[in-house]
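Working notes for the structure below.
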Amino acid sequence: MKKAPAFIVIIIMGFLLVYSAEEFPKWGDPNQPASLHVSPRYIEKTVEETAVPNMVTSVLADYRGYDTMFETSVIFTAGITVMLLLRRKRNGKRV
Amino acid sequence: MVREFEDVIIQTLARFLIPFVQLYSLYVLIHGHGSPGGGFQGGCILAASFILIVIAYDLKEAKRRFPEKTLLIFCCLGVFIYAATGWACLLLGSNFLDYGVLSDILPTGHVKARYYGMAMIETGVEIAVMAVMFSIFLDLTTKGEHEGILGETDAGVHHK
Amino acid sequence: MLEYIISKYNYWMYIVLILIGFYAMMAKNNLMKKLIGMGIFQWAIICYFMSIGSKKGGTIPIISEHGSGIIRAIDFINPLPHVLMLTAIVVGVATTGISLAILISIYGRYGTLEEDEITPPHLNPLPRRGEGTLKGNRK
């Protein structure tokens, strides 16, 4: 029966997560570490450096464009993988 | 058991709506610079318009409008457009994906060249996402058997 | 104490979703339900990251041309988690697509999606040539 050990693991994991939620910043805090280091630079300089008012697009396509290129290749690989998994030789005919 | 069921209302509505859905996806792509949107979102909407053909009509009609070879070419073309923009920046003497030096080719300023570089790569992303979404949909719903079997009602039926 | 609970209520919600998803991945027998649990887990993590980027009194991260010319970082919410989660969503879609393709192959090979009934290959050999195809016995 898989349910009893699963419950125990869930309770332990829930306790650990709630205990570590003490360290998390409050919701909506403007001085949390996630908003302090490089993010103000992206917000303030996006129009004067890239002429694009949408900060999400300018960070995605310009400041972090390298990651987006590999993300596109990941989705391309997924399409090719599904083709490789599901198309098979059938009665002598090639894929 | 999947049966073919031709409904006049659904087919007429689909025939009317599909060009507008595609136009909307291009709108979302281009306006990604000034409002929420971009390449990924537009690509999904464009793929949804082709899936609407499969839902309203049947698989043969969708394969007639968007053949298999074109789908594969579009998958690769999207990633190629993205990488080609980066290579063009390399060939012009700067870093990879540094769109500022595209102002040597395009008749705009240094800052605006980054705007146009972003538009080019978002187009590449949209084409890639659209082709892959449609291809995954076709493969999953027909269990990979849709190449060569067209027009039969067995596509999508589960064989035990 | 009550103020502590209320000021972090988004974390409690996401913790509940994480635990639900993880329980589904561990305790369910059907492979499809495990996949759904993985999807719940994934979306809880994505929503958790996006909730980190909010700021009290901030607006969406798009600079409007009708606003004032001064851009202060405190007026806009943090765009970085949104960007990173966009990548995460796309990777999630890719993973889900491939895992569904694997499930279709498993169903065609074994005939069932329950985990206890899928026996190892050396006890459940493939039919010999001419007795059926890889996609289950047809015709």
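The values are calculated or read from the model by the stated rules, or taken from the named source; none is laboratory data. Bear in mind that the values here come from a model prediction, so they are computed numbers and not experimental data. No Cβ is skipped: glycine too gets one built from the backbone with ideal geometry, and neighbour counts run over all protein chains shown.
Is it fair to say A:Thr77 is in a helix (DSSP H, G or I) and within 7 Å of another protein chain (Cβ to nearest Cβ)?
no
What is the number of the single condition among (1) part of a loop (DSSP other than H, G, I, E, B); (2) hydroxyl-bearing (Ser, Thr, Tyr); (3) modelled with pLDDT of 90 or more that B:Thr153 does not meet?
Among (1) part of a loop (DSSP other than H, G, I, E, B); (2) hydroxyl-bearing (Ser, Thr, Tyr); (3) modelled with pLDDT of 90 or more, B:Thr153 violates only (3).
List every residue pair whose Cβ atoms lie under 7 Å apart, where the two residues are 6 or more positions apart in sequence or sit on different chains, the first residue falls within the stretch C:100-111 and is at the interface with chain A (Cβ under 8 Å from one of its Cβ atoms), and the second residue, located anywhere, is part of a loop (DSSP other than H, G, I, E, B) and crowded, with 19+ Cβ neighbours inside 10 Å.
As it stands, the answer is C:Ile104/B:Lys143, since those pairs meet every condition given.
Do any residues in the stretch B:34-47 that are at negative phi have Cβ atoms under 6 Å from those of residues that are among the hydroxyl-bearing types (Ser, Thr, Tyr), where the two are at least six apart or on different chains, and which pairs are they?
Once the first residue is at negative phi and sits in the stretch B:34-47, its partners that are among the hydroxyl-bearing types (Ser, Thr, Tyr) give B:Gly42/B:Ser25; B:Ile45/B:Ser25; B:Leu46/B:Ser25.
Looking only at the stretch C:6-14, decide whether some residue is within 17 Å of the chain's Cα centre (by Cα) and surrounded by 15 or more Cβ atoms within 10 Å (Cβ to Cβ).
Checking the stretch C:6-14: at least one residue is within 17 Å of the chain's Cα centre (by Cα) and surrounded by 15 or more Cβ atoms within 10 Å (Cβ to Cβ).
State which residue is nearest to B:Gly34 (Cα to Cα) when the search covers only the stretch A:28-61 and only residues that are touching a Phe, Trp or Tyr at 6+ places or on another chain (Cβ under 7 Å) and more than 7 Å from chain C (Cβ to nearest Cβ).
A:Val52
Return the residue satisfying two criteria in turn: it lies in the stretch A:6-43 and is under 30 Å from A:Asp62 (Cα atoms) and hydroxyl-bearing (Ser, Thr, Tyr), and of such residues it is surrounded by the fewest Cβ atoms within 10 Å (Cβ to Cβ).
A:Ser39
For the stretch C:1-20, which residues satisfy the criterion of being farther than 17 Å from A:Pro5 by Cβ and in contact with a Gly (Cβ under 7 Å, 6 or more places away or on another chain)?
C:Ile15
For the stretch B:79-125, enumerate the residues that are more than 10 Å from every other protein chain (Cβ to nearest Cβ) and either acidic (Asp, Glu) or in contact with a strand residue (DSSP E or B) (Cβ under 6 Å, 6 or more places away or on another chain) (or both).
The one that is more than 10 Å from every other protein chain (Cβ to nearest Cβ) and either acidic (Asp, Glu) or in contact with a strand residue (DSSP E or B) (Cβ under 6 Å, 6 or more places away or on another chain) (or both): B:Asp104.
Exactly one condition in (1) free of Cβ contacts under 8 Å to residues at least 24 places away in the same chain; (2) β-branched (Val, Ile, Thr); (3) in a helix (DSSP H, G or I); (4) within 8 Å of chain A (Cβ to nearest Cβ) is false for C:Ile36; which is it?
Condition (4) is where C:Ile36 drops out.
Looking for something of a type outside the set (Asp, Glu) and within 21 Å of C:Pro61 (Cβ to Cβ) - is there at least one such residue anywhere in the stretch B:2-25?
No, because not a single residue in the stretch B:2-25 is of a type outside the set (Asp, Glu) and within 21 Å of C:Pro61 (Cβ to Cβ).
Within the stretch C:1-33, how many residues turn out to be basic (Lys, Arg) and not in a helix (DSSP H, G or I)?
2
Report every pair of residues separated by at least 6 positions or lying on different chains whose Cβ atoms are under 6 Å apart, first residue within the stretch A:51-79 and touching a residue at least 12 places away in the same chain (Cβ under 8 Å), second in a loop (DSSP other than H, G, I, E, B) and buried (at least 22 other Cβ atoms within 10 Å of the Cβ).
A:Met55/C:Pro61; A:Met55/C:Pro79; A:Ser58/A:Val52; A:Val59/C:Pro79
Does the stretch C:51-73 contain at least one residue that is surrounded by 19 or more Cβ atoms within 10 Å (Cβ to Cβ), modelled with pLDDT of 90 or more and in a helix (DSSP H, G or I)?
no
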